[in-house]
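What follows is a short report on a single structure.
We did not get these values from a lab; they are worked out from the coordinates using the rules stated. These figures come from a predicted structure and were not determined experimentally. Here the Cβ positions follow ideal geometry from the backbone for every residue, glycine too, while neighbour counts run over all protein chains shown.
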Amino acid sequence: MKRREFLKKSGCALTMLGLATQIHHFGLMSALAQKMQDQSTPPNDYKALVCIFLNGGNDGNNTVIPNHNDSSVSNYSVYYNARNPQGLAIPQNQLLPISVPRMGGLTYGLHPALGPQTQNGTTIVNNGIYELWAQGKMAIVTNVGTLIQPTTRQQYLNRTVPIPYQLYSHSDQIAQFQAGRSDQIVSFGWGGKISDLRTSQDNPNALVPMITSVAGGELFTLGQLTLPLSIASAPTPLNQVLLLQGFGTSTADIERRNAFNQLRSFDRNNQLVAAASNITEQAIQASNALQSYQEVTVTFPNTTLGNQLKQVARMIKKRNDLGVNRQIFFCQLGGFDTHQNQVSAHSSLLTQVSQAMRAFYDEMVVQGIANKVTQFWLTEFNRTFNPAGSGSTVGSDHAWGNHLIVIGDAVAASDFYGINTSNGTPFPTLTFNGPDDADSGSNARGRWIPSTSVEQFAATLAKWFGVPDSDLPTVFPKITNFPIRDLGFLVNS
Amino acid sequence: MKTCKLLILALSLVFFIVARAQDDPNPDSPTPILISHSDSTRTLSVSAKSWRGNLPKEVVRSFPYGTEIVIFVTNLDLLPDEGANAFRVYIQDAKGREFRLPVLEMRPVKGIDWIYGLIVQLKDEVGYWQEGPEQGDVLMRVSWRGLTSNRTRLSIGFVGGKIEDDPGAKPTPAPLEPPKKIQETEYVGYRWSGDRMRFLQQATFGPTKALDNRIRRIGIRAWLEEQFNAPYPTIPYPDLPLMPSNPPSDCNGNQNDVPDNPPDCYRQRYGMYSAQKWFYQEAFYGEAQLRHRVAWALSQIWVISGTDIQQSSHMIAYFQVLARNAFGNWRQLMYEMTLNPGMGEYLDMARSTKNNPNENYAREILQLFNVGLFMLNPDGTYQRDAQGNLIPTYDQNVVNNFTKVFTGWSFCEDTARCPNRTPGAVNFKDPMLLRPQNHDLTAKTLLNYPGSDSTRNIPACTNCSNSAAIETYANNSLNQALDNIYNHPNVAPFISRILIQHLVTSDPSPAYVARVAATFNANRSNPRQLKEVVKAILLDPEARGNVKTEPNYGKLREPVQLLTNLARQFDVMSADRTTISDGVLTSVTSPSGQVAFMAPSVFNYYPPDFVIPGTTLNAPEFAIYTTGTAIARANMVNTLVFSRINTNSSGVTHGTSLSFSDLEALAAADPTSNQLLDELNWRMMNGNMSAEMRNRIITAVNAVPSSNPLRRAQTAVYLIATSSQYQIQR
């Protein structure tokens, strides 16, 4: 059954058998991919992208910090002087030092929450992601943000280039990060677009969609043609996430279940009814594929993100049964909108992120595919370099360009990546009303104009995942405005 | 226990007001007919350029994609101001994709005033599909007031291609005579049973037999008048103390040796538990259903969430503002919401000061609560500039300026002015109070739009030498800023459309939005403005009608309302059925993606502009309809129908159960199950269940032994309630 026929029929009543057959193989959901299916065979390896969305806008200015005294670029005292008076600076002796080749070997510092944490004298769960820097498994892509084309400060202040709609607004910046474009509102995300393009080609025999979300049907996961699998996170067992309750083995129950299934093939001329039926049908099909699973080996922290990534790891462990060669996962942790009480809140959020990502990385090592599974951050914006409020309740407000962490054995080398800012390095100049500040005047608060676009960051991931260069503009329409599409932080191995 | 019994007594009392339904006209609109050639189902059409206003000759022709053409519709009964934006025109191509075409103009045909020409452009109005339709023949239809026309054939690019007519399609040539008006007969009561049920799903938390009987007797207009004046709430608001910084030792979640008394004191008093319980009990048993329903809709616009606002007393103070103003004036609601401490905490206005301003509230009062991001036409469609781009309503600078206006207010802690102040607790009950020293005294420049001259500029304060002067300046500034927002031309269509989406249908026609928005604007200074708006929404011809045939009409039931509709339909009571349900139901809807008063963020449970993937359908609630929640919804129905929510182990909850005894009697009386299905078809599906659905359910019901009529009734209810056909309220 071809997609063309499926869509043709979807306007009229389908037999149940027909419906089940059509939706059974999710590869059939992409028309564009259908064309390409004749051209080559499915990949013979497995790859997965794991998106971790830090909802609310992670304070990148307190995540990656200058930890040197070189005054030719922004150094620790620049940071300290800007943030310490209100109580938002992290003391230098607490920073986790990293040596950055791209910065001429200068030392930077990570937020201490990304390192080992102890509780009552013992390390909790694992050592966090900091160790992975020294092992060459962590890339930091600096000063990434929403852009429509490369934008200088003069261009921004004079509005001589198009600017992303509604900067500093949560919902709009989330939408732009997840859609992979900042020039207009669209109703699908770049994960979903990749799924549209690649499902038939890469997962022709899959029993589940290419995308699984353990954090709801967010824009990132929505394709124009394909839908994500959306399931509960751990501790719900994987074989219960889509379990239909209340059916026994009596004749009447079997008959009721048959009717329950068959009703979805009726009244399909009503499009809202058909849409609901399609989603439910997809759930029932996936439910059949998830009747058993094997538990993961590594201990995951019992946290929101820990449990999400644990469920992802279970799905990955089941990849051969599910017939998937390429998968995209969406996880999300909220609470990063730290307008107030940031010091303790941010620390505890980053601890959670670090512990969960490390557990997941370790599990991928155990599963032997750490070089095939790449975790990456998205977050809608950075926060103002100038703190909001002061003292014990100090926080920060919405800003722009930010630093994003990528983890996996596919990482080329631990380093900073991204397009150089005005200072000739990829790390912005941390000066109010300075060369990288979108704010101007005496009240400028430090909102860095991104030097690298979301599209460039995402396209690097997409290319590694197997999206051909020629298809990148389909996924990221404005990537053509940016000369560099591969930031080089991932390699195939 | 005594209060519960009294409550049941009160609930079973019947109103004595005598009212009549004579004011209710026939709710049905005629079904539009798209005119074809006299000898085929080919659309009667002509290129817009060559149209002279007459009926064109019947010529078989194709039109290039992108051109403007005229098609012809009849069997309409238009309101005086009803024009092109009352219609939607769709084509379906041979690939099965549906495209919506822009409708540019509508004019009656010269000399034939019962036939109208619609000028449409062959263009994908929604812009969802990246390419145009498959060339060749397509099927076209016209939709009006939730009713769809027949489909006729139109050729794009060339004549021919592989698309089949609808089964039974016949030519619909231009009628030579005007359509006959529906004859009005004298009657008593509101006899349209399907529309009664539809109305009750739109105006309440679910139909009941008692309400249906009442509306049959007095009609919907008289019932609405009753509702606008009905006392609220029926279940008293929980009256809870604010939590002091150190809660009392017998109510602190057992953090010491003193046992809490009662055992769940802490969550009852200081959690979201009591507010959620109250919300469900009022939804189940409240007499002022419409006010509760509208307040609930408003709570999904002016969102605050228990994720941050953690005490029921805080949430109730906020909900009271919404309920009090649900039929009141929008501007008054804006004012009270702005100074509500729950909102002040949630969106940070309570700590926004001139030296440390916070943009959060300023941004959302514009973006989410009133104006939206882009300029709208009076019918809620987007305005576009000469290049076809959307036009932003404001920029960051405007947000910064509103931020300054909103500085200086914080929690009410002045003994003389704050009646609910509790030492040691933050006052989340009284409106916020100004701290004059924290208010920004510089000049502000606000929203700019035609007519904004009188409100746009707030000058710097020149005489703010003392607190009283600052307070006067700040309050004047606040009111001027709220006027500046309220007077923005976007507010009426923006709010009208969202309210229609919550009550009636996810994708209303622009004409419907325009009618409601016009009512909003006509009542701008009416203290009961929203009463008129709600009336306009519910009495609109697009909302009313015994049958709705438009395939895109309606809305997905959100989990909370899926629950309340089933509960009210089937006599919800406590688990042992001796008293009313305790309303402890958050864990029942939670797996379906919605917990009352716990929206994940200020963007609500779902955004108003959500489009279902793989379709062009705007359907907000579908944002939380996923593979996971689809199963969870069915499991929720399973619990309600075949089981119940039991009392908890410590016995402090009463649980919830439904009853199917009346259906059981029907099933026992009629072993063919036809009576059972007739009843459920009417009660749950407004009488619109398709024959194949009905037959399939009867087969499944009759697989249950006739000796078990309860199980038969439950089987039927389960299959209907879990069906997509029921999940869509239409």
- Query: In whole Å, what is the distance between the alpha-carbon centres of segment A:404-432 and segment A:212-245?
  - Reply: 33 Å
- Query: Non-local amide H neighbours of B:Ile156 (under 5 Å, H modeled in plane, Pro and chain starts lacking H): which ones?
  - Reply: B:Phe63, B:Gly136, B:Asp137, B:Val138
- Dipole moment magnitude, nearest 20 debye, chain B about Cα centre, only Lys, Arg, Asp, Glu C-beta charged: 720 debye
- Item | Charge-dipole axis of chain B as Lys and Arg at +1 and Asp and Glu at -1 on Cβ define it, positive-most pick from B:Gln675, B:Trp278, B:Gly593 | B:Gln675
- Query: So, counting K/R as plus one and D/E as minus one, what does the shell of residues with Cβ under 13 Å around B:Arg153 add up to?
  - Reply: -1
- Task: Work out from phi, with θ = phi - 60° and the Karplus expression 6.51 cos²θ - 1.76 cosθ + 1.60, the ³J(HN,Hα) of each residue of segment A:257-270, listed in order in whole Hz, and give x for Gly and Pro.
- Result: 5, 4, 5, 3, 5, 6, 4, 5, 8, 9, 6, 7, 5, 7
- If you find the alpha carbon centre of segment A:136-174 and of segment B:249-320, how far apart are they in angstrom? 41 Å
- Note on the structure: The set of residues whose placed amide H lies less than 5 Å from the amide H of A:Leu229, leaving out same-chain residues fewer than 5 positions away, is A:Ile211, A:Thr212, A:Ser213
- Note on the structure: Under the Karplus relation with 6.51, -1.76 and 1.60 and θ = phi - 60°, whole-Hz ³J(HN,Hα) for segment B:130-135, x at Gly and Pro, equal 7, 10, x, x, 4, 5
- Item | Translational D in µm²/s for segment B:555-729 (Stokes-Einstein at 10 °C, 1.306 mPa s, Kirkwood Rh from C-alpha pairs) | 92 µm²/s
- Task: Normalise the Cα radius of gyration of segment B:305-404 by 2.2 N^0.38 Å (N = residues in it) and let me know the number.
- Result: 1.26
- Message: Mean Kyte-Doolittle hydropathy of -1.0 or higher plus an axial Cα length of 24 Å or more: which whole DSSP H helices in chain B meet both?
- Response: B:467-486
- Query: So how strong a dipole does the protein assembly as shown carry about its Cα centre when Lys and Arg Cβ are +1 and Asp and Glu Cβ are -1, to the nearest 20 debye?
  - Reply: 1400 debye
- Task: Report, in degrees rounded to the nearest 10, the 0 to 90 angle that the Cα long axis of helix A:190-202 makes with the longest principal axis of chain A.
- Result: 50 degrees
- Message: Please list, ordered by chain and number, the residues whose modelled amide H lies under 5 Å from the amide H of B:Gly271; skip anything fewer than 5 residues away on the same chain.
- Response: B:Ser312
- Item | Exposure proxy order (Cβ contacts within 10 Å, fewest to most) of B:Ser40, B:Ser143 | B:Ser40, B:Ser143
- Note on the structure: Rh (Kirkwood, all Cα-Cα pairs) for segment B:31-132, Å, reads 14.3 Å
- Message: Applying a 10 Å radius around every beta-carbon, put B:433-441, B:124-132, B:281-289 in order of their mean neighbour count, most first.
- Response: B:281-289, B:433-441, B:124-132
- Query: Sorted by packing (mean other beta-carbon atoms within 10 Å per residue), highest first, where do A:148-156, B:613-621 land?
  - Reply: B:613-621, A:148-156
- Task: List, in order, the whole-Hz ³J(HN,Hα) value for each residue of segment A:52-67 obtained from phi through the Karplus relation with A = 6.51, B = -1.76, C = 1.60 and θ = phi - 60°; use x for Gly and Pro.
- Result: 10, 8, 8, 7, x, x, 5, 6, x, 5, 10, 9, 10, 10, x, 10
- Note on the structure: In whole angstrom, the spacing between the Cα centers of segment B:477-523 and segment A:458-493 equals 43 Å
- Item | Principal-axis tilt of helix A:271-289 within chain A, Cα atoms, nearest 10 degrees | 90 degrees
- Residue (of B:Ser657, A:Asn62, A:Cys331) at the positive-pole extreme of the protein assembly as shown, dipole from beta-carbon charges: B:Ser657
- Task: Using the charge dipole of the protein assembly as shown (Lys, Arg: +1 at Cβ; Asp, Glu: -1 at Cβ; taken about the Cα centre), state which of A:Thr431, B:Pro25, A:Gln86 has its Cα farthest towards the positive end.
- Result: B:Pro25
- Dipole moment magnitude, nearest 20 debye, segment A:343-423 about Cα centre, only Lys, Arg, Asp, Glu C-beta charged: 60 debye
- Item | Computed Rg/Rh of the protein assembly as shown, alpha carbon atoms with Kirkwood Rh | 0.95
- What 222 nm value per residue comes from the helices of the protein assembly as shown, counting each DSSP H run with n ≥ 4 as -39,500 (n - 2.57) and dividing by all residues, nearest 500 deg cm²/dmol? -10500 deg cm²/dmol
- Query: Which values of log₁₀ I(q)/I(0), to two decimal places, follow from the Debye formula for chain A at q = 0.06, 0.07, 0.08, 0.13 Å⁻¹ with a uniform point scatterer at every Cα?
  - Reply: -0.28, -0.38, -0.50, -1.20
- For segment B:96-158, state the average projected area of the convex hull of the C-alpha atoms over all orientations, rounded to one decimal in nm². 5.4 nm²
- What is the Cα radius of gyration of chain B over 2.2 N^0.38 Å, N being its residue count? 1.04
- Item | Peptide-level mean, for B:613-623, of C-beta atoms on other protein chains within 10 Å | 6
- Note on the structure: Mean per-residue count of partner chain Cβ within 10 Å for B:352-358 equals 4
- Message: What do you get for the angle between helix A:304-317 and the principal long axis of chain A? Use alpha-carbon atoms, 0 to 90 degrees, nearest ten.
- Response: 50 degrees
- Query: Among B:Ser643, A:Ser71, B:Ser274, which comes first, then next, by fewest other beta-carbon atoms within 10 Å?
  - Reply: A:Ser71, B:Ser643, B:Ser274
